[in-house]
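Here the structure is laid out as structure tokens; the discussion comes afterwards.
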Amino acid sequence: MKTRLMPVILTGLTAFFMLVLTGSAALAAETPALSTEAARMGENPVILIGFEPDEPIFLAGVNGGEVKDYVVVSDDRQQGEGAGMITFDVSDPTQSWSGARVGRAFSPALSIPGYRKLGLWIKGDGLKHSVIVGFHDGVYDGSVWFDFEHAGWQHFVVDFGSFANQWQLDRLDWSHITRVFIEFADGAGTLKNKGTVVLDELVLAK
Ligand SMILES: [Ca+2]
């Protein structure tokens, strides 16, 4: 996995826009389920987004970024009944940063204290992209981020205890997580491109 530091200002701005976006998606939450992939991750895995048919997800473009299309596909998936194919555009040259998000709101909030290991399947399109996984506890935001550049499916695992690219994870109230999102970002202006990426099973484990 390639990693790259991003300016703190980006995550700060992301936090700001998360606050702006709060309330835009009052979606019902389902009880997170388990799967074989989640079980492989570690103890007591919780699926945050399964990219399943009829799952209550939200889409958002931030600061000039756009989600051009999102569809749950069944013929090219890793876990469950579907995977989420997202087409995004974060190429707006007039913005210093942009993002395109797919996420999920939880009501009631998720209580997942002690969950420190994140897993996510990504089917890349061969282009270099930057992805942020963000969390919101009703007050604070926290995130991890990494770059990827591959074609085909790859499973990413991030251990919060050792992963450098993280912001405010320790500040979050993990007993009250109200929102989770995956954002395709422009790498603070260095990756102003478009992409079509398939996602499956964002999971946290202990
Ligand atoms: Ca799935």
| request: Looking only at region 48-76, count how many residues are within 12 Å of the ligand (Cβ to nearest atom) and either under 17 Å from the mean Cα position of the chain (by Cα) or of a type in the set (V, I, T) (or both). | output: 9
| Which of the residues spanning region 46-95 are hydroxyl-bearing (S, T, Y) and free of Cβ contacts under 8 Å to residues at least 60 places away in the same chain? | Y70, S74, T94
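From G119, G80, which residue is on the phi > 0 side of the Ramachandran plot, modelled with pLDDT under 95 and crowded, with 17+ Cβ neighbours inside 10 Å?
Only one candidate passes the filter, namely G80.
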| said: Anything in region 174-204 that is more than 25 Å from V73 (Cβ to Cβ) and either loosely packed, with under 15 Cβ neighbours inside 10 Å or of a type in the set (A, V, I, L, M) (or both)? List them, or say none. | reply: S175, I177, A188, T190
| message | Of all residues being charged (D, E, K, R) and exposed (fewer than 15 other Cβ atoms within 10 Å of the Cβ) in region 146-170, which is farthest from D75 (Cα to Cα)? Just the residue, please. | response | D170
| request: Out of S98, S111, report the one residue that is at negative phi, away from the ligand (no atom under 16 Å from the Cβ) and surrounded by 19 or more Cβ atoms within 10 Å (Cβ to Cβ). | output: S98
| note | If we keep only residues of region 173-206 that are part of a loop (DSSP other than H, G, I, E, B) and of a type in the set (D, E), then the residue modelled with the lowest pLDDT is D186
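The values are calculated or read from the model by the stated rules, or taken from the named source; none is laboratory data. A quick note: this is a predicted structure, and the numbers were derived from the prediction, not measured. Note: ideal-geometry Cβ built from the backbone for every residue, glycine included; neighbour counts use all protein chains shown.
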